[in-house]
Structure formats: C-alpha cells, structure tokens
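The values are calculated or read from the model by the stated rules, or taken from the named source; none is laboratory data. Just so it is clear, the model here is predicted, and its values are computed rather than measured. Reconstructed Cβ throughout: ideal geometry from the backbone, glycine too, with neighbour counts over all protein chains shown.
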Amino acid sequence: MWERSLVLSAPGKVILHGEHAVVHGKVALAVALDLRTFLHLRPCAEGKVCVRLPGVGVVRSWDTSSLQALRRGVAADFDESKSPSVEQLHTLKEFAGIAAGASAPESLATLAFLYMCLAISAKYGDVPNVDILVWSELPTGAGLGSSAAYAVCLAAALLMACRAISCPLKEGESTARWTEEELTLINSWAFQGERVIHGNPSGVDNAVGTWGGALRYQSGKITPLKRVPMLRILLTNTKVPRSTKVLVAGVKEKILKFPAIMNPVLDSIDAISQECQSVLEAMPANPSPEYYPVLEELFDINQHHLNVIGVGHPSLDRLCQVTASHGLHSKLTGAGGGGCGITLLRPDTSPLAMEAAKRDLCACGFECWETNIGAPGVTLHSSSSLNAEVLHALSES
C-alpha cells in the first residue's frame with residue numbers, strides 16, 4: 001500500500017516560434033509555461049482507488065479487485081512503447097460507463113487515468129490503493145498543454161505508487177526532481193496518456209511537461225535545450241475558439257497555391273526559431289539586457305509572418321495593438337485564429353505599464369496571466385513550497 005502524502009506538478013507549454021511551419025519540416029521552439037497542474041497523491045482506504053478532478057467535475061472511485069480483474073482482461077499489450085489499442089480503450093469505456101464517441105474533457109481525463117493506472121500497475125505490480133486529486137492553473141482547450149501536464153503528473157504519481165521510480169524529495173527540501181532515466185520513463189508513460197486523449201500527438205507537450213525549459217522540435221525529433229533563462233511574459237487568452245485542423249489545412253492550401261511566395265515565409269520562420277534558440281542558449285552565461293530587443297524584434301517579425309500564412313485573427317491584432325501602445329511586443333502562440341498570445345516582459349518593464357496593459361486587454365474581454373516561460377519540468381513539492389491558493393485547492397476532500 002502507498003503510505004506517503006505527496007504533491008507534484010508539471011508545467012504547461014507555449015510555442016515560442018515555429019507554429020505551422022513545424023508541420024512542414026521546420027524548427028519549432030516549445031517552452032515550459034509556469035502555469036502548472038498539481039497532483040496530490042495520498043494513501044486510500046485498503047482496496048480502493050479514487051480520482052478527483054474538480055476542474056472537469058470528475059469524482060470516481062473503484063475497488064482495486066475490480067480493476068485487477070479488468071486489467072487481466074486487457075493487459076496483454078500494455079507497454080510504454082505501444083499505443084493504446086482500440087479494443088483496450090473500448091473495454092475501459094464500457095467499464096467506466098463512457099459513451100463510445102465521448103470527447104468531453106471529463107470522459108477523456110477519466111479514460112486516461114484508467115488506462116495509465118492499469119497499464120503501469122500491470123508492468124510494475126498490483127493496482128495501488130491511492131487517492132489522487134488534480135488541480136490546475138491551466139485553462140483547458142487553450143493550446144497550453146493542459147492534458148499533457150495532467151498526463152505527466154499521473155505518470156509520475158502512478159510510477160511512484162508502483163515503486164517503479166524513486167521518491168526523491170528528502171526531509172527539509174522544498175522541491176526535488178527525478179534522475180534523467182526516471183524522467184525518460186515518466187515521459188514515455190505520459191505520452192501514452194496523451195495518446196488516449198488525443199490519438200496521435202507529437203509528443204512535444206508531454207516532453208515539455210517532463211523536462212521543462214525549452215525544446216527544439218523538427219521532423220519528429222525532440223531535443224531539450226541545455227540551459228535557457230526564465231523569461232517573464234504576459235499570457236493572454238482571447239477566448240476566441242478555433243479549429244487547429246482547419247487552420248493547418250488552410251496553411252497547406254495557401255502553400256500549394258502560392259509555393260514561390262509561401263515557402264520563403266516558412267524558411268524565414270525557421271530562421272527565426274533558430275536565431276531565437278541561439279539567443280536563449282547564450283543568455284544564461286551572459287545575462288545582458290541587449291538580448292531583449294532582439295527577442296522583441298523576432299516576436300514582431302514572426303507575428304507578421306503568421307498573418308501572411310493566414311492564421312491571424314482580429315482578436316490577435318487587437319492584442320498586439322494594445323500591448324504595443326504600452327511599449328510591449330506580442331505574438332500569437334499555438335494554432336492562431338484566436339486562442340492565445342504571448343507578450344515579452346523585459347526585466348525593467350515597469351509595473352505601471354504592465355498593469356495598464358493588463359487592464360486594457362481585460363477591457364477587450366480577454367483573460368491575462370503574468371507568468372514565466374522556461375519553467376522547471378515535473379517536480380515534487382513540500383507543502384512549504386506551495387502558495388496558499390494551491391494548498392487550498394489540494395486540501396479539498
């Protein structure tokens with residue numbers, strides 16, 4: 001039986017540069033967003049597994065005996081290197097009373113929990129008696145990696161509960177992280193959770209949630225950058241819904257129609273990503289303020305390119321205009337067509353300018369967070385390292 005009460009967290013993600021161009025073989029930079037998903041892992045009554053996800057209205061519990069029996073029926077192909085099969089997911093949906101075509105967040109979150117609980121315990125031992133409560137600072141459906149942060153937290157918690165990885169938090173420490181080998185295992189199982197939720201994800205979101213910092217992604221290859229600075233940003237959600245699938249198709253159509261015009265734009269976006277990577281890697285050794293005007297120019301140029309390839313939106317134009325009026329530089333992040341934008345904040349950005357920008361953005365009906373990018377990946381926390389809001393959210397019974 002699992003004996004300890006622990007809290008762990010994983011960050012969200014934003015795309016810094018390379019949106020859409022990455023679909024066509026170019027470089028993208030993904031960075032960890034310091035809005036985090038937190039998981040409270042506690043012992044549960046003998047013979048019980050409980051999961052509570054207040055953000056999506058899930059409160060479920062099962063007898064471990066029924067889960068063990070279910071596991072025997074579907075466990076033949078459970079492995080962190082294999083995709084969940086259609087048959088496995090169908091059986092789990094029937095068991096949990098989830099409709100065959102259900103795509104609501106609460107259904108997918110429950111399904112991912114069941115799959116990961118059974119798959120991990122099948123490889124490493126019995127189904128653990130655990131009570132898991134998850135609370136997130138990340139909005140769902142905003143392209144900020146909320147499902148991946150959830151999957152990373154689940155993977156780490158269940159692997160610990162099954163004794164497949166260590167519990168590195170020592171007495172007196174505020175935070176702790178796992179070894180590189182253990183992080184690789186966490187990431188591989190988190191990717192399976194993402195497959196349950198998304199079907200065919202790239203693996204970038206869960207990798208950012210696991211390792212944090214910044215990652216370079218190109219043609220399926222994910223490379224964590226060795227050292228990057230934490231940068232302050234303003235993250236703004238325009239709340240304008242969009243379809244990533246439709247936007248991606250629109251870009252492809254434009255490339256096919258005007259290849260001589262559009263391919264150089266994609267090459268330029270690729271060059272922006274690579275220039276930004278060089279700047280980020282140089283900053284920790286030489287934290288000069290001279291880097292910030294370069295990063296701001298890259299934001300401005302890339303935002304224009306993203307409008308050229310057809311993924312802008314009047315709401316994003318308004319976001320950029322509002323922040324520019326306060327001397328700040330912004331770009332869309334993710335699919336575009338609405339969704340979210342990021343605004344770079346220099347170390348010397350005045351609190352008055354930032355508050356004025358936030359006020360004006362909120363007056364447009366947008367939602368804003370002041371946060372950081374380049375944040376740590378999945379982390380164990382002592383209670384003393386958590387703020388009052390997180391502690392309150394995780395103390396709910």
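Can you confirm whether the range 98-106 contains a residue that is part of a loop (DSSP other than H, G, I, E, B) and among the β-branched types (V, I, T)?
Yes, some residue in the range 98-106 is part of a loop (DSSP other than H, G, I, E, B) and among the β-branched types (V, I, T).
It is to be established whether one or more residues within the range 254-269 are assigned to a loop (DSSP other than H, G, I, E, B), touching a residue at least 40 places away in the same chain (Cβ under 8 Å) and over 20 Å from N372 (Cβ atoms). It would help to see each step written out before you state the result.
Taking the range 254-269 and keeping what is assigned to a loop (DSSP other than H, G, I, E, B), we get 258.
Among the residues that remain, those that are also touching a residue at least 40 places away in the same chain (Cβ under 8 Å) are: none.
No, the conditions are met nowhere in the range 254-269.
Quick one: is R52 over 19 Å from the mean Cα position of the chain (by Cα), at pLDDT 85 or above and assigned to a strand (DSSP E or B)?
Against the criterion (over 19 Å from the mean Cα position of the chain (by Cα), at pLDDT 85 or above and assigned to a strand (DSSP E or B)), R52 qualifies.
Condition first: within 19 Å of A207 (Cα to Cα) and among the small types (G, A, S). Now tell me which residues in the range 1-24 satisfy that.
S9, A10, G12, G18
Check C167 against each of (1) touching a helix residue (DSSP H, G or I) at 6+ places or on another chain (Cβ under 9 Å); (2) farther than 30 Å from T64 by Cα and name the one condition it does not meet.
Of everything listed in (1) touching a helix residue (DSSP H, G or I) at 6+ places or on another chain (Cβ under 9 Å); (2) farther than 30 Å from T64 by Cα, C167 misses just condition (2).
Please determine, by comparing only the residues of the range 178-224 that are within 13 Å of the chain's Cα centre (by Cα) and of a type in the set (S, T, Y), which one is farthest from V378 (Cα to Cα).
S202
Taking the range 161-179 as the region of interest, how many residues are in contact with a Phe, Trp or Tyr (Cβ under 9 Å, 6 or more places away or on another chain) and either under 28 Å from V14 (Cβ atoms) or in the same structural domain as G334 (by TED's automatic domain parsing) (or both)?
2
Among what's in the range 106-124 and is out of contact with any Leu (no Cβ under 9 Å at 6 or more places or on another chain) and at pLDDT below 90, pick the residue that is nearest to A69 (Cα to Cα).
A122
Can you confirm whether the range 323-332 contains a residue that is hydroxyl-bearing (S, T, Y), in a strand (DSSP E or B), modelled with pLDDT of 95 or more and closer than 21 Å to T244 by Cα?
yes
Which residue is nearest to G199 (Cα to Cα), if the candidates are limited to the range 119-135 and must be under 23 Å from the mean Cα position of the chain (by Cα) and surrounded by 24 or more Cβ atoms within 10 Å (Cβ to Cβ)?
So the residue we want is A119.
In the range 1-28, what residues are surrounded by fewer than 24 Cβ atoms within 10 Å (Cβ to Cβ) and touching a Lys or Arg at 6+ places or on another chain (Cβ under 7 Å)?
S5, V27
Only one of (1) part of a helix (DSSP H, G or I); (2) without any contact (Cβ under 8 Å) to a residue 12 or more places away in the chain is not met by V294, so which one is it?
Condition not satisfied by V294: (2).
Considering only residues that are among the small types (G, A, S) and within 20 Å of H20 (Cβ to Cβ), look in the range 284-334 and name the one that is surrounded by the fewest Cβ atoms within 10 Å (Cβ to Cβ).
Per the criteria, the residue is G310.
Being under 25 Å from C368 (Cβ atoms), without any contact (Cβ under 8 Å) to a residue 60 or more places away in the chain and assigned to a loop (DSSP other than H, G, I, E, B) narrows it down to one of P284, P229, P241, P289, so name that one. Give the steps one after another, and end with the answer.
Numbers: P284 fails: under 25 Å from C368 (Cβ atoms); P229 fails: without any contact (Cβ under 8 Å) to a residue 60 or more places away in the chain; P241 fails: without any contact (Cβ under 8 Å) to a residue 60 or more places away in the chain.
Residue meeting the stated conditions: P289.
Please work out which residue is surrounded by the fewest Cβ atoms within 10 Å (Cβ to Cβ), limiting yourself to the range 175-187 and to residues that are in contact (Cβ under 8 Å) with a residue 40 or more places away in the chain and in contact with a helix residue (DSSP H, G or I) (Cβ under 8 Å, 6 or more places away or on another chain).
Initially, the range 175-187 is screened for residues in contact (Cβ under 8 Å) with a residue 40 or more places away in the chain, giving 175-178, 183, 185-186.
Next, only the ones that are in contact with a helix residue (DSSP H, G or I) (Cβ under 8 Å, 6 or more places away or on another chain) stay: 175, 177-178, 183, 185-186.
Working: T175: 15, R177: 18, W178: 23, L183: 21, L185: 19, I186: 31.
Here the residue is T175.
Yes/no per residue for (1) of a type in the set (V, I, T); (2) over 19 Å from V378 (Cβ atoms):
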residue: P54; (1), (2): no, yes
residue: V58; (1), (2): yes, yes
residue: L70; (1), (2): no, yes
residue: F95; (1), (2): no, yes
residue: A109; (1), (2): no, no
residue: S147; (1), (2): no, no
residue: L158; (1), (2): no, no
residue: A161; (1), (2): no, no
residue: C167; (1), (2): no, no
